[in-house]
Structure formats: C-alpha cells, structure tokens
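Since every read-out is calculated from the coordinates, none of them should be taken as a lab result. From a predicted model like this one, the values you see are computed outputs, not experimental measurements.
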Amino acid sequence: MGSPWTDKRFAEESLRHIDAQFLAGTAQEVDFLERILGVASGERVLDLGCGAGRHAIEFALRGYKVVGVDISPWLLRVARQRASQAGVEVTFLQGSIAELGGVLAGEAAFDGAISICESGLGALGGWREDLTFLQAVRAWLKAGRKFVLTTFNGIRRYRRWEEGDDRFDFIEGVQRWQTPSEWKGMPLKEEERLYIPSEIRMLFEMAGFQRVKIYGCAPGRFYGQPLQIDDIEMMVVGVA
C-alpha cells in the first residue's frame with residue numbers, strides 16, 4: 001500500500017490544512033524542540049517527514065544545519081521554494097523514512113532528530129517496520145543525542161471504539177483510512193498502527209534508546225506537559 005503523500009492533489013490539500021492549522025505555532029514548537037534536544041546553533045538537525053519544511057526552515061533560520069526527508073516530491077518542491085524565500089539553506093531529500101540508510105547515504109551523524117508528522121511512525125507497515133525505523137534513527141544520531149517524535153495517542157482511539165466501527169482493528173491496533181466518497185481524485189488508502197504509551201516506550205527501548213520520556217503535546221503548545229488520556233497526540237523523547 002503506497003503512501004497517500006505521493007499523490008500531488010492529496011499533498012496540496014493537506015498542505016492547505018497544515019498551513020492553516022499548524023504554521024502559526026511553528027516558532028513556539030521549535031523553541032521547545034531546541035531546549036529538549038539540547039542542541040545549539042551550528043549543529044546538525046535531522047527532520048524526518050519534514051513535509052513543506054516548516055520546522056526545518058525555522059531551525060535553519062536559527063543557524064542550524066538541517067537535513068529534511070520526506071516521501072512527497074511535491075511537498076519538497078514547496079519546501080525548497082520556502083527555504084529560498086526565507087534566505088536559508090536546507091538539504092531536502094526525497095524518500096521514505098523507512099529507508100533511511102539509502103536516503104541519507106553520504107551524510108554525517110546528527111546532533112538531534114525530530115519527526116513531527118502525522119503519517120510517519122505507524123504508517124510504515126507494522127511494528128517491526130517501525131522498530132527498524134527507530135533503530136535507523138538511533139544509528140544516525142551521535143551518542144547521547146536525542147530524538148523527538150510525535151505520534152497519535154492510541155489510548156484515545158481505543159476509548160472511542162464502538163461496536164460496528166470497522167475503521168479501527170482494536171486487536172492489532174490498526175487505524176484504517178481512505179479518501180471520502182466526495183474525493184475527486186484517485187482513491188487513496190492508508191493503515192496506521194496506533195500505539196499506547198507503554199507500547200511506544202517499549203519500542204523505543206527495543207531500538208536502543210535510553211531515558212525515554214512521554215509528554216502531551218498539541219499544535220503550538222509544546223511545553224513538556226503531562227500526557228492526558230484523551231490527548232490526540234503524544235510526544236516521545238529518547239536518548240541515543
């Protein structure tokens with residue numbers, strides 16, 4: 001099953017939503033990400049699932065050397081345009097985050113990594129693929145440096161399941177999505193593995209991350225707040 005993000009129309013419509021809902025909170029999010037990553041201007045930051053570059057460009061504006069990876073060629077074209085307009089240099093690479101070894105070939109190790117996206121971890125094919133991804137991220141980080149990831153809070157979805165809801169397989173923890181009937185383009189589908197906090201902590205630790213912490217988060221509200229049971233997303237921080 002291919003990623004819907006490779007579909008130009010889906011990427012265009014999604015970007016309009018992302019810009020409207022999330023763009024204004026980017027500076028606050030990067031303020032927090034700088035602090036929790038413990039990085040300093042001039043260091044190397046890896047942005048996985050970077051989309052149109054809102055975090056990557058903000059880091060670059062603060063003097064960081066940034067590499068962004070995304071599967072969508074169209075979003076990366078927008079990212080390069082926006083970086084040029086902002087007067088910064090960012091290395092944007094097209095490819096799946098499930099194949100980091102090839103995508104990042106020739107790059108040096110990183111001082112910090114982020115994945116602040118809704119279609120990254122969980123949408124790679126299953127927990128084994130997610131584990132392989134986390135192991136690859138850890139391998140690209142310098143020892144003792146951090147990875148910050150946001151992902152859906154699976155507990156919230158379990159609590160909202162009702163009899164007859166075939167969009168969520170509560171045994172496997174898999175959410176099924178498809179374009180609605182009014183969608184005019186090619187029909188698109190995606191399956192995403194949703195994790196409860198204890199599962200995501202275990203997965204990070206299996207990948208070799210240490211001192212794993214889980215926080216609540218919301219667009220433009222990254223404060224390291226405690227995760228609440230009905231939060232839509234959670235933030236996971238691990239040390240390589």
| task | Any chance you could check the Cα centroid distance between the range 40-60 and the range 69-101 for me, in angstrom? | result | 10
| request: Pull up all non-local amide H partners of Gly68: gap of 5 or more, or a different chain, and H-to-H distance under 5 Å with H placed in the peptide plane. | output: Asp47, Thr91, Phe92, Leu93
| task | Name the long-range amide H neighbours of Cys117: under 5 Å, sequence gap of 5 or more, or other chain; modelled H, no Pro or chain starts. | result | Thr150
| Integer Hz, Karplus 6.51/-1.76/1.60 couplings in order for the range 125-141, x for Gly and Pro | x, x, 5, 5, 5, 5, 4, 4, 4, 5, 5, 5, 4, 4, 5, 8, 8
| note | Restricted to the chain, the DSSP antiparallel beta bridge percent, nearest 5, is 50
| Got the relative contact order for the range 7-85 handy, in percent, Cα pairs under 8 Å and 6 or more residues apart? | 32
| query | Can you list residues whose amide H is under 5 Å from Phe110's amide H, if they're 5+ apart or on another chain and H is modeled 1.01 Å from N? | reply | Leu141, Lys142
